[in-house]
1. Tell me yes or no: at least one residue of region 49-58 is modelled with pLDDT under 95, over 26 Å from ILE292 (Cα atoms) and aliphatic (A, V, I, L, M).
2. Residue by residue through region 239-272, note down the ones that are acidic (Asp, Glu) and closer than 21 Å to VAL70 by Cβ.
3. Any idea how many residues of region 261-270 are surrounded by fewer than 23 Cβ atoms within 10 Å (Cβ to Cβ) and assigned to a helix (DSSP H, G or I)?
4. Name the residue, out of LYS92, LYS177, that is assigned to a helix (DSSP H, G or I) and over 21 Å from VAL12 (Cβ atoms).
5. Do any helices (runs of 4 or more DSSP H) entirely within region 1-85 hold 3 or more residues that are among the small types (Gly, Ala, Ser), and if so, which?
6. In the list LYS42, LYS30, LYS53, which residue meets the criterion of being without any contact (Cβ under 8 Å) to a residue 24 or more places away in the chain, out of contact with any Leu (no Cβ under 6 Å at 6 or more places or on another chain) and not aromatic (Phe, Trp, Tyr)?
7. All but one of (1) farther than 28 Å from LYS132 by Cβ; (2) assigned to a helix (DSSP H, G or I) hold for THR185, so report the exception by its number.
8. Given PHE274, PHE262, PHE287, PHE237, which one is at pLDDT 95 or above and under 30 Å from PRO46 (Cα atoms)?
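The values are calculated or read from the model by the stated rules, or taken from the named source; none is laboratory data. This structure is a prediction, so every number in the text was calculated from the model and none was measured. For neighbour counting, all protein chains shown are included, and Cβ atoms are generated from backbone atoms with ideal geometry for every residue, glycine included.
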Amino acid sequence: MIIDVHYHLIPVLPESMIDYVVKDPIRAAKIIGKKVNFEEIKASAPKFYIDRKGRKLLKRMDEYGIDFTVILGVDDARNEEITPDLVQLQNKMIADVANKNPNRLMALAGVDPRRPEALDILKTCIEDFGMKGLKYHTDYGYDPAGPESYELLEYLEEKNGILLAHTGPMYPPSRNKFADPMMLTDIGVDFPDLRVIAAHMGQINWRSWASLAALQPNLYGDLAMWAPIALSKPKLFCRELRTIIDYVGIEKVLYASDGPIFDMIIPSIDFIDFLKRLPENGYGYEFSQQEIDAILGENAEKLLNLTNK
């Protein structure tokens, strides 16, 4: 089974966000040595990314052999274009796609905790829309364990939801001190039963995440944004992945695509196939078939309680 725990279903994409969104595929192209034209990528981004009904996602899942995907909303209270009404429209559209495909999709709400109505937004998403958790993009400038977040986390833990929180450096104007994995430490203390996925495992700061994940039972990490390094510098990636597994334990590592952000440059299947080949060729490091099966789906199946789906 292959499970993707981190996919941005994008039903709406304000024009003001396009330049920021395409920075990731442009950087991915640079890492893997692929020449691309910024204006061409920017012009094709809306058609490629916007997916109101989830049809593009489901088509990719079928093509890539992905069995289940966690789809996410994103909220940024700094952006005046992203009003509370637009946030809920986005969340409702994402929830509708998941509700129509419950055996293949699960939805997490995008809610910025700095909004005065944040808790009400989340309650509507969970209780009325049937969403299963919460997505934080902390680099937008807030502490995931800050005072404004506590009501949301308390409610989320009570509802047995999941928190997927961004960790790792991003481009300006991101406030990257808030994306340090260590910002999750108080959540593990004050909300010990809350399942938390550190998106990207902190990227280059993965050791901070690992130091917490090794000690906090409900803290996991995903491999979103690791594909460019894996495909361009496989020995480096394998060294890091082997160290992560040995330090934290295989059960804490989850496959994720961060799709469709990178698919324009690196189709998710390329990273999946790379991971599948590691038992035969680990570039000087050893990986068992059991470890790769756990990363690609078995760990997420347990975490998301999908056994009976």
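1. No, region 49-58 contains no residue that is modelled with pLDDT under 95, over 26 Å from ILE292 (Cα atoms) and aliphatic (A, V, I, L, M).
2. In the first step, residues of region 239-272 are kept if they are acidic (Asp, Glu); the result is 240, 246, 251, 258, 263, 270.
Across region 239-272, the qualifying residues are GLU251, ASP258, ASP263, ASP270.
3. 2
4. Only one candidate passes the filter, namely LYS177.
5. Working: elements: 18-21, 23-32, 38-49, 55-64.
By residue number, 38-49.
6. Details: LYS42 fails: without any contact (Cβ under 8 Å) to a residue 24 or more places away in the chain; LYS53 fails: without any contact (Cβ under 8 Å) to a residue 24 or more places away in the chain.
Result of the check over LYS42, LYS30, LYS53: LYS30.
7. (1)
8. PHE274
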